[in-house]
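The values are calculated or read from the model by the stated rules, or taken from the named source; none is laboratory data. No experiment lies behind these values; they were computed from the predicted model shown. No Cβ is skipped: glycine too gets one built from the backbone with ideal geometry, and neighbour counts run over all protein chains shown. Surface areas here come from the heavy atoms of the whole protein model, side chains and all, with no ligands, DNA or RNA. Shrake-Rupley method; radii C 1.70, N 1.55, O 1.52, S 1.80 Å.
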Amino acid sequence: MVMFGFQGVELIGVTAGEAEHPEVVLPRATNSIIYRILIFYIGSMIVIMSLIPWNQIDPRMSPFVLVFDRMGIPGAADIVNLVVITAASSSCNSGLYSTGRMLHALSEIGQAPLALGAINRRHLPAAAITVSAALMLVGVLLNFLVPDQVFIWVTSVALIGTLWTWAIIMLAHRGYKKAVHEGRAHGVSFRMPGAPLANWLVVGFLVVVAALLSVEPGTRVALYVAPIWFALLGLAYVRMKSRPRQHMDVSVGQSPLP
């Protein structure tokens, strides 16, 4: 669940393609993540543990609700619920943004159906966003069928995809560093500390996290779903790759996606 809480930090790479000055924006955005973790994650834990002993925290109640209640703030549960709903809505919005952009990009290079490359008059990848939103309804169906297990199932399955993405980022960065050393790519001033050792340490840590999913029956579901999902993606990739590239203008508007 801790790892799931950090999902989305890789969106910096997605938005980098739309930044006017990525050499300035990316270092600032990356460093701000560290500060936000210290303030909102570590800072909130310090406040909670300063007010409530760890052995008095009820796992059935939000620790924030408990803190607000002991401080005498009325409607503590409502306040926390409002924050949770707002955070969930923000996460949903960023998810739609990223998946829409990714499906659009995959369509342009022939690794996704051509229809997903369509953009509307407002220059948005409307088809890709619509497909992403429709897939969210699967969560509604699961909530109806298995309400007690749906949260842990969805978070665990989503985490597998995130672990894979983070691992690929580390391996891609390792390849980039090798290309820079061989003179096949340009170096940058904003560098990853500890590379290349840090790359392998991160990948090893991600493998350990994936292995820990097998401990609990609820999270173990992700390890059953992951091979099936990756197999489907592999088959789709092979099929799309074997097709001849088609150069078609699928946009309603005339301007490319910004």
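Using r as the Cβ-Cβ distance of His123 and Glu23, and R0 as 25 Å, what FRET efficiency do you calculate, to the nearest 0.05?
Efficiency, from the Cβ-Cβ distance: 0.50.
Which whole DSSP H helices in the chain pass both tests: a Cα extent of 27 Å or more along the axis and a mean Kyte-Doolittle value no lower than -0.5?
Correct list, ordered by number: 76-108, 126-145, 150-181, 217-242.
First check a/c for segment 81-180, with a ≥ b ≥ c the square roots of the eigenvalues of its C-alpha gyration tensor; if it is under 1.5, answer rounded, and if not, answer prolate when a/b is larger than b/c or oblate otherwise.
It comes out oblate by the Cα gyration axes.
If each of Ile34 and Tyr176 carries a label point 7 Å out from its Cα toward its Cβ, how far apart are those two points in nm?
It works out to 1.7 nm between the two label points.
Using only the alpha carbons of the chain, what is the convex hull's orientation-averaged projected area in square nanometres?
Approximately 18.2 nm², given one-decimal rounding.
Run the numbers for Ala231 and Phe4: contour at 0.36 nm per residue of separation, minus the present Cα-Cα distance, in nm.
Here the segment from Ala231 to Phe4 would lengthen by 79.4 nm.
Relative contact order of the chain, please, whole-number percent, based on alpha carbon pairs below 8 angstrom and at least 6 residues apart.
Contact order relative to length: 22 percent.
How large a share of the accessible area of segment 1-116, in percent, is made up of carbon and sulfur atoms when the probe is 1.4 Å and the other protein chains stay in place?
Carbon with sulfur: 68 percent of the solvent-accessible area.
Can you compute the label reach from Leu82? Point 7 Å from Cα along the Cβ direction, backbone N cut-off under 15 Å, restricted to segment 43-65.
65
At 1.4 Å probe size, with every protein chain present, just tell me what the per residue accessible area of the chain comes to in Å².
69
Could you please report the charge total around Ser62, scoring K, R as +1 and D, E as -1 over all other residues with beta-carbon less than 15 angstrom from its beta-carbon?
Local net charge: -1.
At a Förster radius of 35 Å, what calculated FRET efficiency corresponds to the Cβ-Cβ distance of Val138 and Met71, to the nearest 0.05?
Computed FRET efficiency for Val138 and Met71 comes out at 0.35.
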